[in-house]
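Some notes on the structure that comes next.
Every number here is computed from the coordinates shown, using simple stated rules; none is lab data. No experiment lies behind these values; they were computed from the predicted model shown. Neighbour counts are summed over all protein chains in view; Cβ atoms, including those assigned to glycine, are modelled from backbone coordinates with ideal geometry.
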Amino acid sequence: MEWNQGVDKFRSYLLKLKKTDNIWLIHHADCDGCVAAVFCSYVIKRLGLRLTKRLWVLSSEYDLQFQKELIRQYSPQVVIFLDLDVVSDGVLLGDWKNKVERILIYDHHKVDDSELKKLLSDHKDIFYLNPRLLPQAHTFPASYFGYSLFRKFQTQDSRIWLMGAGLIGDHALDEDQELKEIILKEYRDLIKSGYDTNSSLSQITFMINAGYFHCDSKNNDVSYQLAYEAFLQNNPSIFFDFRIPLARELQRRKSEVDIAVRQACISAENNSIQDESLPLVIYIIESQHYISGLVASSLSSKYKNEIILVGQAWQDKFSFEIRRGINCSIDITQILKLQRNYYTSLSAGGHPPACGALVMESDRDRFINTFREAFLNLYAQQDRGRIYR
C-alpha cells in the first residue's frame with residue numbers, strides 16, 4: 001500500500017460511518033497533533049458526521065488513563081486517534097477497546113511489530129495507518145496526514161500554511177531529511193508572502209505548543225480553538241491579532257512558558273548531571289508549566305553529542321522527555337525498547353531523535369537507573385554502530 005492509498009483507505013472508512021454514529025477524536029496535544037485535529041475535525045463535520053467529543057492528550061498523561069475511563073463509561077461507537085503511540089507498552093490493549101465498534105488510528109511513531117499484530121488480531125474493526133510500515137517508509141507527521149485527508153475532500157483551497165506550522169516543530173522530520181526537503185519546498189512555494197518558516201509560521205508553531213505546555217492547558221484548549229478559527233478564515237494573521245481574546249490568551253501563555261524555559265536552561269548549566277561512562281546528561285526541573293520537552297530540545301544544541309534526559313514531576317506522575325544532541329545519531333527508541341527488560345514505564349516511545357516516558361513519581365530514580373543500564377548495555381555492544389540510526 002502506497003501513501004495515497006493509505007490516506008484513501010482512511011477516507012473510505014470515514015465515508016462508511018453512519019451520520020448517527022457517536023464519534024470521538026483523541027489527539028496529541030502539540031502543534032502537530034493539534035493541526036491534524038483541525039483538518040480531521042473539519043472533514044468529519046463536512047461529511048455531516050457527528051463529532052461529539054474531542055479530547056487532547058497532554059504528554060504528561062500519555063498513559064491515556066483519563067481518556068480510557070471516559071471511553072469505558074460512555075462507550076462511543078467510533079474513536080479516532082491522531083499522533084498518539086497507542087500501540088506501544090499495551091496502552092491500547094485494555095478491555096475498554098471492546099466498548100468501541102470502530103477504531104481509526106493515524107500514527108507515525110516507531111512501533112513494535114509484535115504489539116501491533118496482537119492489537120490488530122485482537123479487534124477486527126481497527127484500521128491502523130502508520131507511514132513507517134508503507135513501502136516508502138517515510139515518517140509523515142500527523143499534520144501532513146490531516147492536510148492530505150483534507151485535500152481528498154477539498155482540492156481547491158489548500159490551507160497549506162497551517163500544515164506548514166504543524167510540520168515545523170515535529171521531530172519526525174529530523175529523521176527523514178529527504179522527506180523534509182520535499183515537504184518544506186512544497187509549502188514554501190505555495191505559502192503567501194510574509195508567512196515563511198523563519199517568521200510567522202514558526203511563531204504560530206511556538207504559540208500552539210505553548211498553549212498546551214502552559215499550566216492552564218487543561219482548563220480550555222485555546223490552541224485548538226484559535227487554530228480552527230484561523231483555518232476557517234484561512235487567515236494566519238489571526239494568531240497575531242491581539243484584539244481577539246483567544247490570541248491574547250495564547251500570547252500570554254507563550255510568554256510565560258518562554259520565561260520558564262529560559263530560566264530552566266540557565267539552571268541546567270549548574271545543575272545537570274553528566275554521566276561519566278555514557279554520552280548522557282540528566283536534568284530534573286521544577287515548574288508549574290510542562291516544559292521538560294522544550295528544555296530538552298533547547299539543551300540539544302549545547303550538548304551536541306549526548307542524549308539529554310529531562311525529568312519533571314507532574315501531578316502524581318513523573319514525566320521524562322529525551323532528546324539527542326544535534327550531532328548525535330543514537331536511536332533513543334532502541335534504548336527504551338531494551339529498558340523494558342529491566343523496567344516497564346506507564347508509557348514510553350516516540351521517534352529516534354525525540355522520545356518521552358511516563359512513570360509513577362515514586363519510580364523516578366528507578367527509571368533513570370534502568371535507562372542508564374539499557375544505554376550501557378546497548379553502548380557496550382561489540383558493533384557499536386548498531387545503536388545508531
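The residues MET360, MET1, MET207, MET163, when put in order of fewest to most other Cβ atoms within 10 Å, stand as MET1, MET360, MET207, MET163. Rounded to the nearest 0.05, what FRET efficiency do ARG72 and ASN369 give with R0 = 35 Å and r taken as the Cβ-Cβ distance? Could you check? With R0 = 35 Å, the Cβ-Cβ based efficiency is 0.55. Dipole check for the chain: with +1 at the C-beta of Lys and Arg, -1 at the C-beta of Asp and Glu, and the Cα centre as origin, the magnitude is about 1180 Debye. Dividing the Cα radius of gyration of the chain by 2.2 N^0.38 Å, with N the residue count, gives 0.95.
Residue separation of GLN233 and LEU376 scaled by 0.36 nm, minus their Cα-Cα distance, works out to 46.3 nm of gained length.
Using a simple spin-label model with pseudo-atoms 7 Å out from Cα toward Cβ, LYS53 and GLN263 lie 3.6 nm apart.
Once C-alpha pairs closer than 8 Å and six or more residues apart are averaged by separation and normalised to the residue number of the chain, the relative contact order reads 14 percent. Debye calculation, C-alpha points only, no solvent: report log10 I(q)/I(0) for the stretch 1-114 at q = 0.21 Å⁻¹, in the same order as the q values. Treating every Cα as an identical point scatterer, log10 I(q)/I(0) equals -1.34. Can you compute the label reach from SER255? Point 7 Å from Cα along the Cβ direction, backbone N cut-off under 19 Å, restricted to the stretch 281-306. Label zone hits: 288-290.
Could you give me the percent of Cα pairs per 10 Å distance bin for the stretch 251-343, shortest bin first, beginning at zero and ending with the bin that holds the maximum distance? All Cα pairs considered, the percentages come to 16, 47, 30, 6, 0. For the stretch 234-389, a Kirkwood hydrodynamic radius built from all Cα pairs, placed in the Stokes-Einstein relation at 4 °C and 1.567 mPa s, yields a translational diffusion coefficient of 78 µm²/s. On the beta carbon distance between LYS16 and GLN65, with R0 = 51 Å, the FRET formula returns roughly 0.95. Among LYS317, LYS152, a tally of other beta-carbon atoms within 10 Å of each Cβ gives an order, fewest to most, of LYS152, LYS317. Electrostatic tally near ALA296: other residues with Cβ closer than 10 Å to its Cβ, Lys and Arg +1, Asp and Glu -1, net +1.
Partner lysines whose Cα lies under 27 Å from the Cα of LYS19, excluding those fewer than 8 positions away in the same chain, are identified as LYS9, LYS45, LYS53, LYS68, LYS97, LYS99, LYS124, LYS152. Peptides 286-299, 245-258, ordered by how many other C-beta atoms sit within 10 Å of their residues on average, highest first, read 286-299, 245-258. Here the sum of -39500 (n - 2.57) over DSSP H runs of 4 or more residues, divided by the residues of the chain, equals -14000 deg cm²/dmol at 222 nm, to the nearest 500.
When you count the other C-beta atoms within 10 angstrom of each residue and take the mean per peptide, 224-230, 271-277, 77-83 line up highest first as 77-83, 224-230, 271-277.
Here LEU120 and PHE153 are evaluated by their C-beta separation; at R0 = 25 Å the FRET efficiency comes out at 0.40.
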